[in-house]
Ligand SMILES: Nc1nc2c(ncn2[C@@H]2O[C@H](COP(=O)(O)OP(=O)(O)OP(=O)(O)O)[C@@H](O)[C@H]2O)c(=O)[nH]1
Ligand SMILES: [Mg+2]
């Protein structure tokens, strides 16, 4: 659908990780856009999972529910390919909800004007009276107009965050997300879905060539076989992961980084309450 791509485009920062694989976003990620006149707190969420297979996926769905509960405006992000009808879970849920809804048809760079028009018509029928925007989050088309519509629908209220604050999560969360995003890009099949990352060291230090941020991360996976795949022959895969991650972390922090990755097995972590707490899915 491109929810995270849209969040990044609206906030103007590379905040939420984007990959071609489904279920990339696992948490509710907040991006804050402030000006003299307004403050918008955007929540990026996971995509809805019809049939959660383990506790982590249930928690992912729960982040959508909590966003529904808190939101003043709901952005329903869809694309020209998603099957949509009156029975669609989110359409039903949105129709029951009181907040204004803005339906966003994303990825319009991939289809013809006619296809966009028929999609707009379909959404008009499914969500009568709500505004509809056709955008390309990737190219930026229509994002300004969407933002203007969001601003015009904002309720009056107090400012929640300092004007220069972009998110509510610490740097180390984004560092772990960058590593997870690289795992999603570099590994296949079930590997990306078997992994979770924690950061066990994040400290500013000195090296011969100047200041350096030392980061050590643990990649948890489900079993020894997956650990072997993550490491690769002679450690070649993990080395590639480390290099790709470090490059992106350096760009994100705007600092030189020394990154160490360790792989550990944590059996069934996706159903394990204490592991899920530790990984930030449960309070
Ligand atoms: N052509 C095109 N591709 C897009 C656009 N927006 C997003 N994409 C691509 O669609 C894929 C998924 O984008 P994401 O932003 O990660 O989608 P998401 O809805 O956040 O996905 P999950 O977090 O997995 O639920 C990526 O490969 C993006 O580059 C767009 O406007 N046009
Ligand atoms: Mg996402």
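Ordered by packing density, taken as the mean number of other Cβ atoms within 10 Å over each peptide's residues, highest first, how do 161-173, 71-83 rank?
On the way: 161-173: 13.4, 71-83: 17.2.
Answer by packing, highest mean first, reads 71-83, 161-173.
Using only the Cα atoms of region 3-152, build the gyration tensor, take square roots of its eigenvalues as a ≥ b ≥ c, and label the shape rounded, prolate or oblate: rounded if a/c is under 1.5, else prolate if a/b is larger than b/c, else oblate. Please list the in-between numbers first.
Numbers: a/c = 1.27, a/b = 1.05, b/c = 1.21.
It comes out rounded by the Cα gyration axes.
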Quiz prompt | Within the chain, percent of DSSP bridges classed antiparallel, to nearest 5 | solution = 50 percent
Quiz item: When the convex hull of the Cα atoms of the chain is projected onto a plane and the area is averaged over all directions, what value comes out in nm²?
Solution: 16.9 nm²
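Quickly rank 211-223, 254-266 as a protection proxy: mean count of other C-beta atoms within 10 Å, highest first.
Working: 211-223: 18.5, 254-266: 14.5.
Descending packing order for the listed peptides: 211-223, 254-266.
Based on the mean of other beta carbon atoms within 10 Å per residue, what is the order of 114-120, 102-108, most packed first? Let's see the in-between values first.
Values: 114-120: 13.9, 102-108: 23.6.
Taking the mean over residues of other Cβ atoms within 10 Å, the ranking is 102-108, 114-120.
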Quiz item: So how many Å³ per residue does the convex hull of the Cα atoms of region 171-278 work out to?
Solution: 96 Å³
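Taking Cα pairs under 8 Å and at least six residues apart, what relative contact order does the chain come out at, in percent?
It comes to 16 percent, rounded to a whole number.
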Quiz item: What value, in deg cm²/dmol to 500, does the helix sum -39500 (n - 2.57) over DSSP H runs of n ≥ 4 give at 222 nm once divided by the residues of the chain?
Solution: -11500 deg cm²/dmol
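Where a number appears in this text, it was derived from the coordinates with a stated rule and is not lab data. Remember, predicted model here, so these are calculated numbers, not experimental data. Quick reminder, even Gly has a Cβ in these numbers, built from the backbone with ideal geometry, and neighbours come from all protein chains shown.
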